[in-house]
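*Asks:* Shown below is the structure under consideration.
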Amino acid sequence: AQTVTQSQPEMSVQEAETVTLSCTYDTSENNYYLFWYKQPPSRQMILVIRQEAYKQQNATENRFSVNFQKAAKSFSLKISDSQLGDTAMYFCAFMGVNAGGTSYGKLTFGQGTILTVHP
Amino acid sequence: GAVVSQHPSRVICKSGTSVKIECRSLDFQATTMFWYRQFPKQSLMLMATSNEGSKATYEQGVEKDKFLINHASLTLSTLTVTSAHPEDSSFYICSARRGSGGNTIYFGEGSWLTVV
């Protein structure tokens, strides 16, 4: 079984500054996906960024980027130029993929990090 | 884009009654859907995997008879909380995977259940 650990229950950052959220995971699988989801007060799960384990290049989506260290099983999220709308709970998640390349579809989530962006 | 709709968004029921929550994929077929439970300020915990045309697969510790899952069509999965108790009050959220091997997961809006 895999586990996902987010060791920062809460983080805060000033608007326009950069913040990094940490995530580590443990798995015996060789192929998998890692995700960061944002959950605002509405509780809607919003995909922020996705990383495929077999890709060495770190994923980037506008102001969001990851630092994926496969050997260390680390997957941190960097938010640049933080905006007030970034205030939310952020979850790191793991999804396994079988040998045929098909995902299992189910996600294992970390405990979450509450991010507050201050004006 | 793909949309997964959940209904109702909020429901209040009395102890001892049953309540049904629907998860519907609106523009794609989902052979597999997933049900999660989330307590306030906590993480999402997988309850079960809903398989179209077959029995659901429950995670360890989840009572099958209490949380009935039915996936009768390629676009609809339902979660029925039977004989609800106040401790079942929680946020329930479903997800769906496009097709049989898709690697993109779509979440519903979630459903707040309050048992009084």
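The values are calculated or read from the model by the stated rules, or taken from the named source; none is laboratory data. Predicted model only: the values in this text are computed from it and were never measured. Methodologically, a virtual Cβ is constructed for each residue, glycine included, from the backbone with ideal geometry; neighbour enumeration extends over all protein chains shown.
*Asks:* Any residue at all in region B:52-71 that is within 27 Å of residue A:9 (Cα to Cα), within 9 Å of chain A (Cβ to nearest Cβ), in a loop (DSSP other than H, G, I, E, B) and not charged (D, E, K, R)?
*Replies:* No.
*Asks:* Hey, another quick one. How many of the residues making up region A:1-41 are more than 28 Å from residue B:60 (Cβ to Cβ), surrounded by fewer than 17 Cβ atoms within 10 Å (Cβ to Cβ) and within 12 Å of the chain's Cα centre (by Cα)?
*Replies:* Residues that pass the stated criteria total 1.
*Asks:* A follow-up question, please. Out of all the residues in region B:49-64, which are in contact with a Ser or Thr (Cβ under 7 Å, 6 or more places away or on another chain) and surrounded by fewer than 17 Cβ atoms within 10 Å (Cβ to Cβ)?
*Replies:* B:51, B:57
*Asks:* Mind checking which residues of region B:14-48 are out of contact with any His (no Cβ under 7 Å at 6 or more places or on another chain), surrounded by fewer than 17 Cβ atoms within 10 Å (Cβ to Cβ) and farther than 12 Å from residue B:79 by Cα?
*Replies:* Of everything in region B:14-48, those that are out of contact with any His (no Cβ under 7 Å at 6 or more places or on another chain), surrounded by fewer than 17 Cβ atoms within 10 Å (Cβ to Cβ) and farther than 12 Å from residue B:79 by Cα turn out to be B:14, B:16, B:17, B:26, B:27, B:29, B:39, B:40, B:41, B:42, B:45.
*Asks:* May I pose another question? Checking the structure you have, find out if any residue of region A:71-81 is of a type in the set (Val, Ile, Thr), under 13 Å from the mean Cα position of the chain (by Cα) and assigned to a strand (DSSP E or B).
*Replies:* yes
*Asks:* Does region A:93-109 hold any residues that are within 10 Å of another protein chain (Cβ to nearest Cβ) and touching a Phe, Trp or Tyr at 6+ places or on another chain (Cβ under 6 Å), and which are they?
*Replies:* A:93, A:95, A:97, A:106, A:108, A:109
*Asks:* Which is within 14 Å of another protein chain (Cβ to nearest Cβ), outside any strand (DSSP E or B), surrounded by fewer than 19 Cβ atoms within 10 Å (Cβ to Cβ) and without any contact (Cβ under 8 Å) to a residue 60 or more places away in the chain, of A:57, A:44?
*Replies:* A:44
*Asks:* Related question: Out of B:39, B:28, I need the residue that is away from chain A (no Cβ under 11 Å), modelled with pLDDT under 95 and under 18 Å from residue B:84 (Cβ atoms). Which one?
*Replies:* Checking each option against the conditions leaves just B:39.
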